[in-house]
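These notes concern the structure reproduced below.
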Amino acid sequence: MCLIFKIMRIRYAIIENEEYSRINLQNIIKAVRPEYELIFYSETVCDSVSMLSKSCVPDLVFMDIELDDGNCFDIFSRADPEMPVIFTTAYDEYALKAFRVNSVDYILKPITEEDVERAILKYEKRNIAARDWRQVSEDYTSLRTRSRMLVSDGNGYSFVHTDDIAWFESEDKYVSIRLNNGKILLTDQDSLDMTAQVLDSDRFFRISRQVVTSISAISKVSKHLRGRLQVELRAGSEKRMETVSAARRPGFLNWLGHI
């Protein structure tokens, strides 16, 4: 398995405000994974958000906690990054908070080659195999999108046509459907990721972690703070407000422009 990982090109970023620590970490990564490609590094929350907002999204991020202009968790509230993170820090009190935001591992400084190797192996085992499977799934489903979706109906099942769907929403590991008339139905889908993969990408877009919306459900798009967007969705008498992160904004606006 590890031999397969070592020939894969992983794009990573380093968010670290101490130059010595950043250079040391970069040298260690070069030593344990020379095929990994550094695509950017930054020292501040502001610069990190700016890079992620330009769709410069790496496969993996090594992130310090305390940065020059604040705490790294501000990045998650402003850019909504979804890539895996390996935290590298001198502070152990943030460990619980770190594991709530896509954390793969939490390395305490001073960082050693063994620490980085262990953390990268964790990342590879958890994420690369899953990414390869998603790519296979995407290659297959891109050839054929769903025109109807299975829903749970009491003790049995029924289906709805995707033309009748306003949006999909995820909560507590369940994916539900909001119909154009406002009615809500429970699907048999395991995750919103899987649901998004089988939908017509011209008509549906994942605007947040919780929602995949149809173009017909969007009633208003407004500019929001820090490069984000506020989207108003409507289905019958039902209304829902969703925030599009700065990282998702370019893709979302591009999707709107092709409709």
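The values are calculated or read from the model by the stated rules, or taken from the named source; none is laboratory data. In this text the structure is predicted, and so the values were computed from the model without any measurement. A quick note on method: Cβ atoms are made from the backbone with ideal geometry, for glycine too, and the neighbour counts reach across all protein chains shown. Areas reflect the complete protein model, heavy atoms only, side chains present, ligands, DNA and RNA absent. Shrake-Rupley method; radii C 1.70, N 1.55, O 1.52, S 1.80 Å.
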- Which entries in 125/239; 97/239; 97/122; 97/173; 173/239 show an alpha-carbon gap greater than 29 Å? 125/239; 97/239
- Message: Within segment 19-66, what whole-number % of the accessible surface is contributed by carbon and sulfur, with the 1.4 Å probe and all protein chains included in the calculation?
- Response: 50 percent
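Using alpha carbon coordinates only, what is the Rg to Rh ratio of segment 170-220, with Rh defined as the Kirkwood radius?
The Rg/Rh ratio comes out at 0.93.
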- Quick calc of log₁₀ I(q)/I(0), segment 178-259, Debye, one scatterer on every Cα, no solvent, q values 0.12, 0.14, 0.17 1/Å, result -0.34, -0.47, -0.70
- Item | For the chain, average projected area of the Cα convex hull in nm² | 15.5 nm²
- Task: Measure off, as a whole percent, the carbon and sulfur share of the 1.4 Å-probe accessible area of segment 68-114, all protein chains present.
- Result: 51 percent
- Return the carbon/sulfur percentage of the accessible area of segment 200-259, one whole number, probe 1.4 Å, all protein chains in place. 46 percent
- Query: What does the convex hull of the Cα atoms of segment 52-116 come to per residue, in Å³, rounded to a whole number?
  - Reply: 95 Å³
- For the modelled label position 7 Å from the Cα of residue 237 along Cα-to-Cβ, which residues of segment 148-165 have backbone nitrogen atoms closer than 16 Å? none
- Query: According to a simple spin-label model (label point 7 Å from Cα along Cα-to-Cβ), what is the distance in nm between residue 203 and residue 223?
  - Reply: 3.3 nm
- Name the longest site-free stretch of the chain, where the excluded sites are GluC sites (Glu not before Pro) in a DSSP loop with no more than 12 other beta-carbon atoms within 10 Å. 94-259
- Item | Residue-normalised accessible area of the chain, given per residue in Å² at a 1.4 Å probe | 53 Å²
